[in-house]
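Reviewing the structure listed below.
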Amino acid sequence: MGKLLVVLAGLALLATAGGAQTQFGAMQRQEVINSLSSMLADRYLDEPVGKRLSQLLQDRLNRGEFDSLTQPDAFAAAVTDVLQAETRDRHLWIWYRNGAPARLQFAFVEAPMVGRVDVLPGNIGYIEIRHFVGQTAEFDAAMEKVKGAAALILDLRQCAGGNREQVLHLSTYFFAKPTRLLSRQARTDPAPLEHWTLDTLPGPRFVDAPVYALTSQRTFSAGEGFALGLRVNGRALLVGEKTGGGGHYVQGFPQLPHGFQMLLPVGRNLDPRTGRSWEIEGLGPDLAVNAEQALQAAIGHFHGWKPRRIP
């Protein structure tokens, strides 16, 4: 979340910089691995792990394990596979040119943060939140449309991440007074830093009616942080599936030689109650149902029906 979590604006421009690739051989592979190894050793959120990954990539390169990879996309995929096998850190990727992970592709098409906004039968507000990268006026307009609803459903089932600033802005609508939402800690931070709601908003707050957050396995990163900030403060019930487990955050998109880029996790987002991240584990829902059933389950819960939990 925020510039320190996923800075997606301008990704398309950065990904196409550097001109056409004319050659990709041993020298280019060495230069990419050298740069990547330095990034991991110097900046990865866990210093011992970063240094271990750095050495591992150098060892794999020296053993010739990447020698057959003469296409940049295939090389990026193979290196990413090594990093994923070692860490399972879904914020740790490298890619070539426009080959960013699918969950970041909304940055290329500049898709709106907010999808469908509606008031469902029974005066239940509904807002589909696709990601947290864009102008906060989108959230202001959506909240204005559901003003006065008896309950509000926030659909995060396709929410793949975004920026901290937008998360804090939308979260503030649901609290009457300053409220601590999450904590975070980077490798160089001596103690966790707290994130609180904002002081002001351009519209009325939604503080009295119940709120439901719909989740799925695709709910990730800033989407998870937003949901957790509401839940730990008693402002939302999570309905759906366990989330994707993206509890780390990145700082920009470091560029590597020869047209490669990466996501580099530099810190952890934390549950302020426990000091733990939701990395890999994800967030378990309060009402567990299949993602496609989550909307009806939330509506049913509001009307007093308790859906059966998935075993």
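Cross-link reach is defined here as a Cα-Cα straight distance under 12 Å, omitting same-chain residues fewer than 8 places apart; for residue 145 the aspartates and glutamates meeting it are 118.
Cα centroids of region 216-231 and region 150-167: 7 Å apart. Taking the fewest neighbouring Cβ atoms within 10 Å as the starting point, the ordered list for 138, 47, 128, 241 is 47, 138, 128, 241. Roughly what % of DSSP beta bridges within region 108-193 run antiparallel, to the nearest 5? For region 108-193, the DSSP antiparallel bridge percentage is about 50. For the residues 236, 186, 149, a GNM of the chain with alpha-carbon springs under 10 Å puts the largest fluctuation on 149.
Axis angle, to the nearest 10 degrees, between helix 222-232 and the longest C-alpha principal axis of the chain: 40 degrees. Among 206, 226, 132, the residue with the largest mean-square fluctuation in a Gaussian network model of the chain, with springs joining Cα atoms closer than 10 Å, is 206. Taking other Cβ atoms within 10 Å as a rough exposure proxy, 27, 39 sort from fewest to most as 27, 39. Charge tally for residue 52 (other residues, Cβ to Cβ under 11 Å; Lys, Arg +1; Asp, Glu -1): -3. On a 0 to 90 degree scale, rounded to 10, what angle separates helix 47-62 from the longest Cα axis of the chain? That helix lies at roughly 40 degrees to the long axis.
Rounded to the nearest 20, the Cβ-based charge dipole of region 194-311 about its Cα centre (Lys and Arg +1, Asp and Glu -1) stands at 280 debye. At q = 0.15 Å⁻¹, what log₁₀ I(q)/I(0) does region 188-311 have when each alpha carbon counts as one equal point scatterer in the Debye sum? Log10 I(q)/I(0), no solvent term: -0.81. Computed from Cα atoms alone, the Kirkwood hydrodynamic radius reported for the chain is 20.4 Å.
If you run the Gaussian network model on the chain, springs between alpha carbon atoms under 10 Å, then out of 172, 274, 200 the most flexible one is 274.
Values in this text are rule-based calculations from the coordinates and carry no lab data. In this text the structure is predicted, and so the values were computed from the model without any measurement. Cβ: placed from backbone, ideal geometry, glycine included. Neighbour counts: every protein chain shown.
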